[in-house]
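The values are calculated or read from the model by the stated rules, or taken from the named source; none is laboratory data. Given the structure is predicted, the values throughout are model-derived calculations rather than measurements. Here Cβ is always computed from backbone atoms with ideal geometry, including for glycine, and neighbour counts include all displayed protein chains. Each accessible area value is taken on the protein alone, full model and side chains, heavy atoms only, with ligands, DNA and RNA left out. Shrake-Rupley method; radii C 1.70, N 1.55, O 1.52, S 1.80 Å.
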Amino acid sequence: SNFWTRVVGDDLTIVREITLSGELTEDGFERIVGTIQANSREHGQPSLMGRTLTWRAETPSKTRTMQIVVTSRDGGTHIRFEENLMQIASGLFGGLGGGFGIGVGMGVGVPIGLEVLGSALFAFAAPLGLAGITLVACRGIYRNVVKRRRKAVSDLFDRVVIEAEASMAQGASGLLSNPNAAST
């Protein structure tokens, strides 16, 4: 994956994670699902297994997949966001880079080079040059996509962390001030 990261010029996966002290209540998990759904443009599917909430979303074209996992146990709550951009990268670099850069370069450069200019060098340099220019353009486009996604992921991540902290604080104060709590 390190090779492909160098080729495309940025990360293929965006990951944000944190461990907070304190555990979420059932209501806290529900509030987090509400926060995710209200602040994400993707329609995701939440599932709660024991003390682990998993929320997965894919864009309709499956160009991006996002997974959010919130686990709350042993006095801590771990929140992990991961967005996979491999499909965007392969579509952009495979389609635009391969199709346009090499296709047009070979389709136009070779005949012009050989027939019009009588130059074998131009015939093979043109596709490589156009592919190189296309690669640079693709990398610029991809970097902008990653920058936008990194901001969107960070904004959503920050909102979920704030919601988790607020839920745990409310849960803790509820336990302390509940007059109906049984004392031993």
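So, Arg150, is that one part of a helix (DSSP H, G or I), of a type outside the set (Phe, Trp, Tyr), at pLDDT 95 or above and within 30 Å of Gly75 (Cα to Cα) or not? Taking the combined requirement at face value, the residue does not satisfy it. Within the stretch 57-96, the residues that satisfy the criterion of being of a type in the set (Asp, Glu) and crowded, with 17+ Cβ neighbours inside 10 Å are Glu58, Glu83. Annotation note: Cβ proximity below 6 Å between a residue of the stretch 133-147 that is closer than 10 Å to Asp10 by Cα and a residue that is open to solvent by 90 Å² or more (accessible area, probe 1.4 Å) (sequence gap 6+ or interchain) occurs for no pair. For Ala123, are the conditions met, namely being modelled with pLDDT of 90 or more and more than 30 Å from Thr5 (Cα to Cα)? When the stated conditions are applied, Ala123 does not pass them. When the stretch 2-18 is limited to residues that are of a type in the set (S, T, N, Q) and out of contact with any helix residue (DSSP H, G or I) (no Cβ under 9 Å at 6 or more places or on another chain), the one that is farthest from Arg148 (Cα to Cα) turns out to be Asn2. Taking the conditions (1) modelled with pLDDT of 90 or more; (2) polar (S, T, N, Q); (3) farther than 12 Å from Ala164 by Cβ in turn, Ser21 satisfies each one other than (3). Scanning the stretch 35-54 for residues that are over 14 Å from Ser72 (Cβ atoms) and either at pLDDT below 90 or out of contact with any Asp or Glu (no Cβ under 8 Å at 6 or more places or on another chain) (or both) yields Ile36, Gln37, Ala38, Ser40, Arg41, Glu42, His43, Gly44, Gln45, Pro46, Ser47.
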